[in-house]
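Enquirer: Structure provided below as structure tokens; questions to follow.
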Amino acid sequence: MMISRAVAVLLMLVTTASYAFGKCPASATKCDYTRLGTLEYIWGQEIKDKQSRILLNGIEIFKNDSSQIGWDQDGWFYSDDKGMGDMSKFVVYYDLNEPRQITKDLYLYRAYRIFDFSGEEVVISNEFYPHEVWNIDIDWASWGKKNAVIAFKDGSRFKYESGHVTMIDDGSETGESE
């Protein structure tokens, strides 16, 4: 009787551990959980075609020419349930394989998009990046159900609404540019 209980407990532990580890496939660099399902990040630096990918429930929803991709983990997300799980909106960054020339002297190495899971289907915004382009982090974000404002440490600010991101301040007047 005691042995069968021990075997039953062991089987439960193995099954629970297998389920927990089985949620994020080995091919994914990282997984997050949104209200629409499991999001998998696959870094381009780790696969042959050098294309980073994001999959939702195993189906590719985004791909680009970048070495790394992921959501900005410094708290720049919105969740309807105010917890980390079931994120509704968040900023995704990607580090480009080849720098993109923006102006004569400026090159883009990292770009951002907002992924919005608050509706029935995922909405992926247009690409945006801070005014100063090089090595500028997000300073703060203000999330709402309908829109958001994202500010970078160079003073540039962006508004997200209805799937589109627009620059509302380039930061040049704030004196915050580095």
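The values are calculated or read from the model by the stated rules, or taken from the named source; none is laboratory data. Since this is a predicted model, take the numbers as computed values, not measurements. Positions of Cβ are generated from backbone atoms using ideal geometry, with glycine treated the same way; all protein chains shown enter the neighbour counts. In case anyone asks, the SASA skips ligands and DNA or RNA and just uses the protein heavy atoms, side chains included. Shrake-Rupley method; radii C 1.70, N 1.55, O 1.52, S 1.80 Å.
Enquirer: Of the residues that sit in region 22-34 and are open to solvent by 70 Å² or more (accessible area, probe 1.4 Å) and more than 14 Å from the chain's Cα centre (by Cα), which one is nearest to ARG53 (Cα to Cα)?
Expert: Top of the filtered list is SER27.
Enquirer: What is the number of the single condition among (1) open to solvent by 60 Å² or more (accessible area, probe 1.4 Å); (2) among the polar types (S, T, N, Q); (3) modelled with pLDDT of 90 or more that THR103 does not meet?
Expert: (3)
Enquirer: Among the listed residues GLY85, GLY70, identify the single one that is exposed (fewer than 12 other Cβ atoms within 10 Å of the Cβ) and modelled with pLDDT under 90. Break it down into steps so the answer makes sense when it comes.
Expert: Working: GLY70 fails: exposed (fewer than 12 other Cβ atoms within 10 Å of the Cβ).
The conditions single out GLY85.
Enquirer: Oh, and also: Can you work out which of the residues in region 139-153 that are charged (D, E, K, R) and under 19 Å from LYS89 (Cα atoms) is surrounded by the fewest Cβ atoms within 10 Å (Cβ to Cβ)? Reasoning before the result, please.
Expert: At the first step, the residues of region 139-153 found to be charged (D, E, K, R) are 139, 145-146, 153.
Next, only the ones that are under 19 Å from LYS89 (Cα atoms) stay: 139, 145-146.
Details: ASP139: 17, LYS145: 10, LYS146: 8.
That would be LYS146.
Enquirer: Let me spell it out: the conditions are (1) open to solvent by less than 20 Å² (accessible area, probe 1.4 Å); (2) of a type in the set (A, V, I, L, M); (3) within 30 Å of GLY58 (Cα to Cα), and ILE136 meets all of them except one. Which number is the exception?
Expert: (3)
Enquirer: Tell me the residue from PHE152, PHE128, PHE117 that is more than 20 Å from ILE168 (Cα to Cα) and aromatic (Phe, Trp, Tyr), please. Walk me through how you get there before you give the answer.
Expert: Numbers: PHE152 fails: more than 20 Å from ILE168 (Cα to Cα); PHE128 fails: more than 20 Å from ILE168 (Cα to Cα).
Only one candidate qualifies: PHE117.
Enquirer: For ALA17, indicate whether it is open to solvent by less than 60 Å² (accessible area, probe 1.4 Å), at pLDDT below 50 and among the hydrophobic types (A, V, I, L, M, F, W, C).
Expert: Numbers: open to solvent by less than 60 Å² (accessible area, probe 1.4 Å): yes; at pLDDT below 50: yes; among the hydrophobic types (A, V, I, L, M, F, W, C): yes.
Yes.
Enquirer: Do you know which of the residues in region 36-64 that are open to solvent by 70 Å² or more (accessible area, probe 1.4 Å) and in contact with a strand residue (DSSP E or B) (Cβ under 6 Å, 6 or more places away or on another chain) is farthest from TYR109 (Cα to Cα)?
Expert: Of region 36-64, the ones open to solvent by 70 Å² or more (accessible area, probe 1.4 Å) are 45-46, 48-50, 57, 59-60, 63.
This time we only want the ones that are in contact with a strand residue (DSSP E or B) (Cβ under 6 Å, 6 or more places away or on another chain), so: 45, 50, 57, 60, 63.
Working: GLN45: 15, LYS50: 15, ASN57: 29, GLU60: 23, LYS63: 16 Å.
Here the answer is ASN57.
Enquirer: Which ones in region 154-178 are farther than 25 Å from SER88 by Cβ and open to solvent by 80 Å² or more (accessible area, probe 1.4 Å)?
Expert: The answer is GLU173, GLU176, GLU178.
Enquirer: Kindly state which strands (runs of 3 or more DSSP E) lie completely within region 100-178 and contain at least 1 residues that are of a type outside the set (Ser, Thr, Tyr), in contact (Cβ under 8 Å) with a residue 40 or more places away in the chain and closer than 30 Å to ARG35 by Cβ. Can you show your working first?
Expert: Details: elements: 107-116, 138-143, 147-152, 157-161, 164-169.
In region 100-178, the matching strands (runs of 3 or more DSSP E) lie at 107-116, 138-143, 147-152, 164-169.
Enquirer: Let me spell it out: the conditions are (1) open to solvent by less than 60 Å² (accessible area, probe 1.4 Å); (2) under 21 Å from LYS63 (Cα atoms); (3) not hydrophobic (A, V, I, L, M, F, W, C), and ARG110 meets all of them except one. Which number is the exception?
Expert: (1)
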